[in-house]
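Novice: Can you read through this structure? Questions will come right after.
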Amino acid sequence: VDGAGRAIRTFQVWDYAVFACLFVVSSAIGVFFAVKGRKQVSSKEFLVGGRQMTFGPVALSLTASFMSAVTVLGAPSEVYRFGASFILFGIAYSFVVIFTAQLFVPVFYRSGITSTYEYLELRFCKVVRVAATLIYIVQTILYTGVVVFAPALALNQVTGFDLWGSIYATGIVCTFYCTLGGLKAVVWSDAFQMVVMLVGFMTVLVQGSWSTGGVNNVWHTSQAGQRLEVFDFDPSPLRRHTFWTITVGGTFTWLGIYGVNQSTIQRCISCKSETHARLALYFNLLGLLVILLCSVFSGLIMYTFYAACDPWTAQYIKAPDQLMPYFVMEILGEYPGLPGLFVACAFSGTLSTVAASINALATVTYEDLVSQCCGNISNQAATLISKGLCVVYGVACTSMAIAASHMGGIVQAALSIHGMCGGPMLGLFSLGILFPCANSKGAAGGLILGIALSFWVGIGAFLYPASSNSTHPLGLSTEGCFLANATFNATVATPMPPSVYGCLSFTIFILGCKVVTLSPRIFTITCSVTYHLTKCHTNHTNTHNLNLHYTLIYNIQ
């Protein structure tokens, strides 16, 4: 029972059956492409789909991979507590897609490369390429492990969904279809999972609207609760969500994910033409905006449903990131299979993110390390090595997810490292593309300084979090609650908990431009987006109370 003495609905047989269908179909797609391509032994076929993909499935794949459980579980909670300003990320997404399609993709596509880091050797030198590759491998494994663990934990605590079963199933299934079918299996599985995400969201939106008295009631209640105050032009970089922190900071942050990330670029260069690659990005933008609207409206519906009784303040749940699963179990729990559909919706994003990570890790490892060390490798051997690398990284990411359950506050650092490396990497590629005068010494020096400065700011923010006065949480009420201890009964502005998700999504996107003079004529400019963790308490290490913490931007890979 929860804090109100009500029975908490848990997963039933039909829910597990619906959820299992997600894994079965994803695995079947991998088997299909393994059988279909059994006579094709080229590593290029396995890693980049023979560069014959069309824009449709690639667009769906990009959307699914970069909108994982962060959107399904985290974004509605953000809107519930801080209002609909989250929708301004749509502006950032638009700028990011335009820059990527018009600036970065043409360079990578015309270079004929498989790994984005090949460009760094062509432009600078092998040392820069290898350094960037190693940074990417470490940060991606750290991030992907947390991506698997965090949503599984949040769902387990509310729905009773098996924690370890979901973690192992995710790792095994993703590794299975990545290894068998290569990039084609990843792309088409992502496309299917994107459909599941949309169906899950629409189910929640329809039933949620009906349960709250319709769209008009949702609008008026949200307006009365100040949830519709979207535009805040406060120039302070210490504010959680303002027009400037979301649009400017969000643009540079997502640009590091979309513009130069191996997972994105690999799928773009798998297209049959540069035109298809650009179309994939633009159609992907439509998908991003649709999912963004669904998540924002879900948050408003959830606020309307709990306007008189906030379950987090009333201590019915342990963390804000459990709000969405708790809400879904309340409105869909009596319908067999529908809670399972919602969990499938959340895990669709997780599967697509993990699969894309495994495939991208295998690609950069083979192209940037193995092939450089081993000389001439036959196509058959190259394919077998690539598949072996998929298995290795599948095990590594799953192991990281298991380790995350024992790491407590260190999990915060894992995601922070990912963010602190992203800015300097964006700066490195931008330097090569935008500044013809830059040389390898400037690139190496700028990368080192950029990472050092990012870690300095990031670690400082981790050790000395900013005041909660900067967060401006909106009011939540418990007037309609039955409280077990009946100690309070009022409308309160709820303070933020020590949530990793809160830390990273509170984030102030600080764009640092470091200019390093390496000679009288050479300047290296390394742009780094540093994720300033403003409400992070490092003494909270109980993983059973760990909130889902996804940066709003990554679902990377």
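Novice: Please list, ordered by chain and number, the residues whose modelled amide H lies under 5 Å from the amide H of residue 476; skip anything fewer than 5 residues away on the same chain.
Specialist: So residue 476 has HN proximity to 492, 493, 494.
Novice: Considering only protein heavy atoms, with the full assembly of protein chains and a 1.4 angstrom probe, order 387, 36 by accessible area, largest first. Numbers along the way, then the final one.
Specialist: Numbers: 387 65, 36 140 Å².
Greatest to least solvent exposure: 36, 387.
Novice: In whole Hz, with x marking every Gly and Pro, tabulate ³J(HN,Hα) for the stretch 89-106 from phi via Karplus 6.51 cos²θ - 1.76 cosθ + 1.60, θ = phi - 60°.
Specialist: 4, x, 5, 4, 4, 5, 4, 4, 5, 4, 4, 5, 5, 9, 10, 7, 4, x
Novice: Set the bar at 24 Å for Cα to Cα. Now go through 36/272; 44/272; 126/272 and name every pair that lies beyond it. Don't skip to the answer; put the middle values down first.
Specialist: Numbers: 36/272 19 Å; 44/272 13 Å; 126/272 29 Å.
The answer is 126/272.
Novice: Between rounded, prolate and oblate, where does the stretch 170-289 land on the alpha carbon gyration tensor, with a ≥ b ≥ c its root eigenvalues, rounded for a/c under 1.5, else prolate if a/b exceeds b/c?
Specialist: Details: a/c = 2.51, a/b = 1.43, b/c = 1.76.
Cα axes put the stretch 170-289 in the oblate bin.
Novice: Go through 278, 110 and list them by solvent-accessible area, largest first, probe radius 1.4 Å.
Specialist: 110, 278
Novice: Each residue of the stretch 272-285 in order: what ³J(HN,Hα) in whole Hz does its phi give by Karplus 6.51 cos²θ - 1.76 cosθ + 1.60, θ = phi - 60°, with x for Gly and Pro?
Specialist: So the Karplus estimates, Gly and Pro as x, are 6, 8, 5, 5, 5, 4, 5, 4, 4, 5, 6, 5, 4, 4 Hz.
Novice: Here's something else I'd like to know. Suppose all protein chains stay in the model; what accessible area per residue would a 1.4 Å probe give for the stretch 79-152, in Å²?
Specialist: On the way: 2060 Å² over 74 residues.
Value returned for the stretch 79-152: 28 Å² of accessible area per residue.
Novice: Right, another one. When only the heavy atoms of the protein chains count and the probe is 1.4 Å, how do 100, 54 rank by accessible area, highest first?
Specialist: Working: 100 0, 54 55 Å².
From most exposed to least exposed: 54, 100.
Novice: Also, I was wondering about something else. According to a simple spin-label model (label point 7 Å from Cα along Cα-to-Cβ), what is the distance in nm between residue 205 and residue 376?
Specialist: 5.7 nm
Novice: Show the residues, 5+ positions off or on another chain, whose built amide H is closer than 5 Å to the amide H of residue 270.
Specialist: none
Novice: How much of the accessible area of the stretch 135-242, in percent, comes from carbon and sulfur atoms when a 1.4 Å probe is used? Please report the intermediate quantities before stating the final value.
Specialist: Numbers: 2760 of 3990 Å².
About 69 percent, which is the carbon plus sulfur part of the accessible surface.
Novice: Let a ≥ b ≥ c be the square roots of the eigenvalues of the Cα gyration tensor of the stretch 221-330; is it rounded (a/c under 1.5), or, if not, prolate (a/b larger than b/c) or oblate? Write out the running numbers ahead of the final one.
Specialist: Numbers: a/c = 2.51, a/b = 1.79, b/c = 1.41.
Because a/c hits 1.5 or more and a/b exceeds b/c, the stretch 221-330 counts as prolate.
Novice: Rolling a 1.4 angstrom probe over the protein chains, ignoring ligands and nucleic acids, what is the accessible area of residue 293 in square angstrom, nearest 10?
Specialist: Roughly 100 Å² of residue 293 is accessible to a 1.4 Å probe.
Novice: Another question about this same structure. Any chance you could get the radius of gyration and Dmax over the Cα atoms of the stretch 72-149, in Å?
Specialist: 17.6, 48
Novice: Normalised radius of gyration for the stretch 106-213, please: alpha carbon Rg relative to 2.2 N^0.38 Å, two decimal places.
Specialist: Details: Rg = 19.7 Å, N = 108, 2.2 N^0.38 = 13.0 Å.
Ratio of Rg to 2.2 N^0.38 Å for the stretch 106-213: 1.51.
Novice: For the charge dipole of the stretch 180-266, defined by +1 on Lys and Arg C-beta atoms and -1 on Asp and Glu C-beta atoms about the Cα centroid, which residue among 258, 224, 237 has the Cα displaced farthest towards the positive pole?
Specialist: 258
Novice: So what is the relative contact order for the stretch 261-378, in percent, with contacts set as C-alpha pairs under 8 Å and at least six apart?
Specialist: Values: 31 pairs, mean separation 29.4, N = 118.
Here the relative contact order equals 25 percent.
Novice: Distance between the C-alpha centers of the stretch 132-183 and the stretch 296-323? Whole Å please.
Specialist: Between the Cα centre of the stretch 132-183 and that of the stretch 296-323, the gap is 27 Å.
Novice: Is the stretch 113-168 rounded, prolate or oblate when judged by the Cα gyration tensor, a ≥ b ≥ c being the square roots of its eigenvalues, rounded requiring a/c under 1.5 and prolate requiring a/b larger than b/c?
Specialist: Here the stretch 113-168 falls in the prolate category.
Novice: Ignoring ligands and nucleic acids, what accessible area does residue 405 show with a 1.4 Å probe (Å², nearest 10)?
Specialist: 10 Å²
Novice: Can you give the accessible area of residue 126, probe radius 1.4 Å, in Å² rounded to 10?
Specialist: 90 Å²
Novice: Same structure, new question: Picking from 167, 143, 198, whose Cα lies most toward the positive end of the charge dipole for the stretch 112-220 (charges on Cβ: Lys, Arg +1; Asp, Glu -1)?
Specialist: Result: 143, furthest along the dipole toward the positive end.
The values are calculated or read from the model by the stated rules, or taken from the named source; none is laboratory data. Because the structure is a prediction, the values reported are computed rather than measured. Cβ sites come from the backbone with ideal geometry, for glycine too, and all protein chains shown count toward neighbours. Each accessible area value is taken on the protein alone, full model and side chains, heavy atoms only, with ligands, DNA and RNA left out. Shrake-Rupley method; radii C 1.70, N 1.55, O 1.52, S 1.80 Å.
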